[in-house]
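Enquirer: Sharing a structure with you now.
Just so you know, all these numbers are worked out from the coordinates, no wet-lab data involved. The structure presented is a predicted model; accordingly, all values stated were derived computationally and were not measured. Note that each Cβ is placed from the backbone with ideal geometry, even for glycine, and that neighbours are counted across all protein chains shown.
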Amino acid sequence: MPFYQRLGDVPRKRHIQFRENGTLLVEEVMGLEGFTGNESILYHLQSPCRVMKLDGFEKIERKEWVPDQHAHRHFKTADVKPDGDEITGRRLLMWNNDVEISLCRPSGTMDYFFRNGEGDEVVFVHEGSGTLETIFGDVPYKDGDYIVIPRGTTYRFLPEGPQRYLVFETPGLIEIPRRYRNQYGQIMEGAPYYHRDIHPPSELKTIREKGEFPVKVRVRDGYQTYVLDYHPFDVVGWDGYLFPWTFSIHDFEPITGRIHQPPPSHQTFAGQNFVICSFCPRKLDFDPLAVPIPYHHSNLQSEEMIYYVSGNFGSRKGVEVGSITLHPSGLPHGPQPGLAEKSIGVQETHELAVMCDTFNPLKLTRFSKDLDDGKYAYSWYENSLDGAAVDGDATGAGLTSHL
Ligand SMILES: [Fe+2]
């Protein structure tokens, strides 16, 4: 998506004969918005349509939890048991018509290929490393990476070590925010990252293998498995603007100011009626009268979920690595009692967190119900015995500065 890429061999012109040992190769145009959006053109040894068998269709079942009360919530995911693989192990936490947010701790790995035929994906790698093998080539990943996978990309995870992901799936597009790009698409000075921080597929391996290759495709709110008679990674070359890529949260250059910078300064990706933001270690506000943690705010038209990646969140009791806070629309939230005063003079924060703000309400699942601590809503109450009243020195490390 961000810029032109080319791997392997492609012919001199589009849509002309391209042969290998006399055999005509199969050209596939993979494009968005009909034939007017970004596209890539791939050259296969065999037709990608060679379905030898249609397996069953599995409908996606979402088990909704409708809470009795509308309230701020805190979900603890650290102890979620590994289950499934990198696809079947995605356990839905919350969703609406624009985005699905899942936690994934796979216990096994995929013995099939996967393609999302109805949405883009962002996989935030909290723990683990490995290679995302794709039809566009290998995409190495490590902890802290966002793996951006456009719809239509056939892939398979090759993990190294235990894995923990936060997964976003959307029927819309995942884009670099428009205000970061000039009219030609180049990321501008002042944006919190640059093209050098974006890592496209590093190596194209053309696999020449006949056999039976199951490809599970997400379509029509379910999964249809097709068995192909030739390895799907039979591409000898491709070029274009559509491909999977990674961006490390550690390469996000935080924007700080003399006084408080609002959450849009942390924006990393734009989605369909939602944004994904990165909160990274940074210097805090430096005006002598600055209050380094934010004002209370009422997110009147958005829901705000924050996933805590690393850092010391000690001054917000109970929030730990793997915690998710959800501040739904219609309610104010802000620093817990005493924290604004204690933050004065704090110069930096070391926390790392991923935030997703949606414009439309999020539904919850029974899985999230099991992770709900049930008491976060009371954590602003001064007399709360078990809430989050601040009882220690506010250090930069524990500031939860974006709340
Ligand atoms: Fe907030």
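Enquirer: List the pair-distance distribution P(r) of segment 65-140, using every Cα-Cα distance, as the percent of pairs falling in each 5 Å bin from 0 up to the bin containing the longest distance, rounded to whole percents.
Expert: 3, 10, 20, 25, 18, 13, 6, 3, 2, 0
Enquirer: Cross-link partners among lysines for Lys63, C-alpha distance below 17 Å, same-chain residues fewer than 8 apart left out?
Expert: Hits, sequence-local ones excluded: Lys363, Lys369.
Enquirer: Taking θ as phi - 60°, what are the ³J(HN,Hα) couplings along segment 87-98 by the Karplus curve (6.51, -1.76, 1.60), each to the nearest whole Hz, with x for Gly and Pro?
Expert: Values per residue, Gly and Pro as x: 10, 5, x, 6, 10, 5, 9, 7, 6, 8, 6, 9 Hz.
Enquirer: List the longest stretch of the chain that has no exposed loop site; here a site is one of the GluC sites (Glu not before Pro) assigned by DSSP to anything other than H, G, I, E or B, with at most 14 other Cβ within 10 Å. Walk me through the numbers before you get to the answer.
Expert: Working: sites that count: Glu33, Glu61, Glu189, Glu209, Glu382.
Longest gap between qualifying sites, sites excluded: 210-381.
Enquirer: About its Cα centre, how strong a charge dipole does segment 153-266 have in debye, to the nearest 20, once Lys and Arg get +1 and Asp and Glu get -1 at the Cβ?
Expert: Its charge dipole is roughly 280 debye.
Enquirer: Which lysines, if any, have their Cα less than 23 Å from the Cα of Lys13, not counting same-chain residues under 8 positions apart?
Expert: Excluding near neighbours in sequence, the set is Lys205.
Enquirer: Determine the distance separating the Cα centre of segment 206-224 from the Cα centre of segment 37-103; give it in Å without decimals.
Expert: 16 Å
Enquirer: In segment 9-115, which chymotrypsin sites (Phe, Trp or Tyr not before Pro) fall in coil by DSSP and have 13 or fewer other Cβ atoms within 10 Å?
Expert: Filter output for segment 9-115: Phe35.
Enquirer: Let me ask something else. For Asn116, list long-range residues whose amide hydrogen, built 1.01 Å from N in the peptide plane, is under 5 Å from its own amide hydrogen.
Expert: Those qualifying (amide H under 5 Å, at least 5 residues apart or on another chain) are Gly152, Thr153, Arg218.
Enquirer: Take the alpha-carbon centre of segment 320-344, take the same for segment 146-193, and report the distance between them in whole Å.
Expert: The two parts, judged by their Cα centres, are 28 Å apart.
Enquirer: Could you work out the helix-only [θ] at 222 nm for the chain, with each DSSP H run of four or more residues adding -39,500 (n - 2.57) and the total divided by the number of residues, to the nearest 500 deg cm²/dmol?
Expert: That comes out to -500 deg cm²/dmol.
Enquirer: Assuming a ≥ b ≥ c are the square roots of the Cα gyration tensor eigenvalues, decide whether the chain counts as rounded (a/c under 1.5), prolate (otherwise, with a/b larger than b/c) or oblate. Please report the intermediate quantities before stating the final value.
Expert: Values: a/c = 2.44, a/b = 1.73, b/c = 1.41.
Prolate.
Enquirer: Let me ask something else. Less than 15 Å apart at the alpha-carbon level, and either on another chain or at least 8 residues along: which aspartates and glutamates does that give for Lys210?
Expert: Once the sequence-local aspartates and glutamates are set aside, what remains near Lys210 is Asp229, Asp234.
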